[in-house]
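Scroll down for the structure; my scribbles are underneath it.
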There are 2 protein chains.
Amino acid sequence: MSITMHDVARVAGVSIKTVSNVINDYPYIRAETRQRVLDAIDSLGYRPNLSARGLRSGRTGVISLIIPDLRNAYFAELADSVMRAAATKNLSVIIEQSGDDRETELALLRGPRMQMVDGILYSVLALGEDDAHLLDDIRTPMVLLGERIFHGPTDHVTMRNTEGARAATEHLLSLGRRRIVALGAHRGEVIGSAGLRLTGYAEALAEAGIPVDDALIGEVGGWFRSGGAQAMKLLLDSGVPFDGVVAFNDSIALGAMRILQEAGLRIPDDVAVIGFDDIDETRYTLPTLSTINPGRDEIARVAVDYLVERISNPEAEIPPREYLAGFTVVQRESTTIVAP
Amino acid sequence: MSITMHDVARVAGVSIKTVSNVINDYPYIRAETRQRVLDAIDSLGYRPNLSARGLRSGRTGVISLIIPDLRNAYFAELADSVMRAAATKNLSVIIEQSGDDRETELALLRGPRMQMVDGILYSVLALGEDDAHLLDDIRTPMVLLGERIFHGPTDHVTMRNTEGARAATEHLLSLGRRRIVALGAHRGEVIGSAGLRLTGYAEALAEAGIPVDDALIGEVGGWFRSGGAQAMKLLLDSGVPFDGVVAFNDSIALGAMRILQEAGLRIPDDVAVIGFDDIDETRYTLPTLSTINPGRDEIARVAVDYLVERISNPEAEIPPREYLAGFTVVQRESTTIVAP
DNA sequence: GTTCGGCTTCACAACGTTGTAAAGTCGCAG
DNA sequence: CTGCGACTTTACAACGTTGTGAAGCCGAAC
């Protein structure tokens with residue numbers, strides 16, 4: 001039914017191994033033979049069976065990207081970056097959504113699907129330090145994205161969370177803001193993104209000699225618009241005064257901005273707002289949103305590079321690596337005071 | 001190195017075929033034997049080699065979703081819906097980005113990757129009617145999403161573009177708006193989404209006895225925020241008066257809203273705006289954006305169902321099917337006049 | 001007590017590819 | 001003209017799974 005190497009070999013008048021050699025760029029082939037094979041491939045429309053190749057060679061050319069949810073703009077853009085980086089290495093990407101759910105993450109990691117991929121890019125969310133041992137028996141090369149929750153034998157690529165949040169906070173301080181809200185905290189969390197960013201926020205305040213006011217720290221469970229909106233509502237209702245907001249991601253910032261504007265507060269005049277992630281839409285909101293660009297392309301590129309390295313040298317006992325991408329403060333209207 | 005059926009068979013004291021039978025739920029197995037095999041699988045941590053299974057059975061359990069760009073919220077949400085629908089059928093999804101580029105779309109369709117998937121969900125953008133023959137020799141089951149550009153042997157699942165645009169326009173008309181802008185037209189296009197939506201817009205105006213004014217039709221190349229912003233700028237500069245905007249997708253609408261607000265126009269008081277697609281963020285903008293919900297989940301579900309049907313009955317010559325999902329008008333603040 | 005049919009298990013041969021190792025060809029140095 | 005090495009091609013055996021078909025077992029029907 002389907003066209004195989006045997007067909008090509010027959011048409012070209014060579015053995016199947018020669019066809020295989022041509023396809024795999026084996027150097028010692030007569031130019032004329034190579035051409036005959038290529039012609040046969042063309043005229044028959046032959047395409048290699050990747051299952052067979054995968055079976056024989058142990059490589060499928062597919063990597064898996066595990067993220068919580070594609071509807072979250074940050075992860076959609078991350079997926080985009082990863083796919084572009086993977087494309088340059090001739091890899092396809094299977095995206096799996098964990099929904100930020102512990103059981104789902106575990107099921108994905110241990111499921112048979114992981115058997116079919118050469119490597120895993122795993123954006124950890126729901127698993128914690130205590131679960132590190134669960135990854136021990138996973139033999140597929142893996143690179144963790146986002147916060148290092150495990151200290152396993154895997155590479156780890158992420159952004160400078162603490163420094164980024166610190167820079168964001170310093171940016172607001174430089175505008176003269178002193179009552180700065182942190183939006184997106186997770187009560188009790190220290191080692192995840194929320195914890196690290198909160199640390200950066202506190203560091204910046206400390207350096208400026210401003211005490212951290214618990215009333216200015218807004219919890220947001222899921223980092224979506226709705227969470228930002230809800231937290232901001234609570235804050236406004238509480239009556240606590242503030243003149244700046246550091247949101248731990250852009251979605252939270254946008255949700256909060258919406259509530260601020262509804263309440264008649266001007267951005268940035270009354271409240272300056274800065275987000276995190278530099279997702280595309282921050283360029284088009286009103287006002288446009290200042291944010292921290294976390295170096296997503298760089299993260300994706302390095303992560304794929306690390307993975308490819310481990311995939312192509314399965315023997316080489318490469319020690320776990322850590323890579324921290326650079327970030328930049330992107331100033332837009334939400335923190336730019338226009339002289340009247 | 002890796003654990004195979006042979007290992008399981010040895011531990012369980014049965015033949016590999018029996019192990020295979022257990023895994024594939026073959027009914028005639030003694031309960032005690034089945035249990036012994038399951039125990040062996042468990043204790044060894046055996047997971048089937050999907051490449052081998054794919055080679056032997058011709059099925060990989062993976063489908064491919066070809067979309068232009070994941071950074072576009074509509075497609076990210078579509079991908080999410082497709083992945084959820086696929087998960088219920090135990091299928092993994094490889095996402096390929098075509099970048100709305102003809103050559104890339106062709107390369108993807110003909111590339112070796114397509115050899116490895118059981119089916120293709122193809123969101124056509126760059127290929128046109130004239131390219132229909134290019135799909136003739138693609139044997140993999142395929143379902144087209146979005147506008148039917150080909151009249152090939154494939155199924156086709158889409159929304160009611162014309163009716164949706166018509167309903168959106170009628171919605172603005174019902175608010176008493178008479179000078180309604182259409183944003184997102186593609187000059188000369190008739191059969192794509194842009195053409196169909198423009199037709200719906202024109203139909204609604206005709207029914208209301210309003211002539212179509214060319215000056216109110218805004219071209220937008222790529223349907224992104226930037227395009228909507230740019231087109232709206234041109235429109236404002238032209239000085240043409242208008243009191244409503246039907247944008248052909250939400251991104252365009254949001255870009256346009258941003259420019260309208262910058263220009264000091266109130267939404268919806270001065271200009272009512274309605275979009276298309278009901279992407280998540282329309283719920284959190286200021287004002288929230290009225291839009292057409294295109295039934296994305298329904299589209300994804302039906303598309304995957306069609307694909308699965310064709311995958312599981314490769315012989316059955318199922319005639320090409322057409323499915324039009326239902327849509328709803330979602331009224332939000334951008335078209336809701338609040339009594340003063 | 002023989003036959004039949006349902007249950008249970010298994011040996012064997014694929015699926016399409018690539019790694020191994022070896023056989024052949026050829027030109028050139030010895 | 002022999003031997004050597006570089007080039008060129010090939011046969012064969014995997015890789016791990018499932019489809020085919022057949023064998024063995026057992027109780028029920030004749």
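The values are calculated or read from the model by the stated rules, or taken from the named source; none is laboratory data. A quick note: this is a predicted structure, and the numbers were derived from the prediction, not measured. Cβ sites come from the backbone with ideal geometry, for glycine too, and all protein chains shown count toward neighbours. Surface accessibility is based on the protein's heavy atoms, side chains included, excluding ligands, DNA and RNA. Shrake-Rupley method; radii C 1.70, N 1.55, O 1.52, S 1.80 Å.
Residues considered: B:G228, B:G255, B:G222. Of these, the only one that is within 13 Å of chain A (Cβ to nearest Cβ), under 28 Å from the mean Cα position of the chain (by Cα), part of a loop (DSSP other than H, G, I, E, B) and closer than 30 Å to A:R225 by Cα is B:G222. Among the residues of segment B:283-300, the ones that are outside any loop (DSSP other than H, G, I, E, B) and within 14 Å of another protein chain (Cβ to nearest Cβ) come to 4 in all. For segment B:154-167, the criterion of being buried (at least 19 other Cβ atoms within 10 Å of the Cβ) and without any contact (Cβ under 8 Å) to a residue 24 or more places away in the chain is met by no residue.
To keep it simple, each residue is scored yes or no on (1) under 25 Å from B:E315 (Cβ atoms); (2) within 14 Å of DNA strand C (Cβ to nearest atom); (3) touching a residue at least 24 places away in the same chain (Cβ under 8 Å).
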residue: B:D7; (1), (2), (3): no, no, yes
residue: B:R10; (1), (2), (3): no, yes, no
residue: B:G13; (1), (2), (3): no, yes, no
residue: B:S20; (1), (2), (3): yes, yes, no
residue: B:Y28; (1), (2), (3): no, yes, no
residue: B:R34; (1), (2), (3): no, yes, no
residue: B:L38; (1), (2), (3): no, yes, no
residue: B:S43; (1), (2), (3): no, no, yes
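Of the residues making up segment A:75-92, those that are of a type in the set (D, E, K, R) and within 9 Å of another protein chain (Cβ to nearest Cβ) are A:E77, A:D80, A:R84. Those helices (runs of 4 or more DSSP H) of segment A:1-119 in which 1 or more residues are among the small types (G, A, S) and open to solvent by 50 Å² or more (accessible area, probe 1.4 Å) occupy A:31-44, A:50-57, A:73-88, A:102-110. Checked against (1) in contact with an Asp or Glu (Cβ under 6 Å, 6 or more places away or on another chain); (2) part of a helix (DSSP H, G or I), B:E163 passes all but condition (1).
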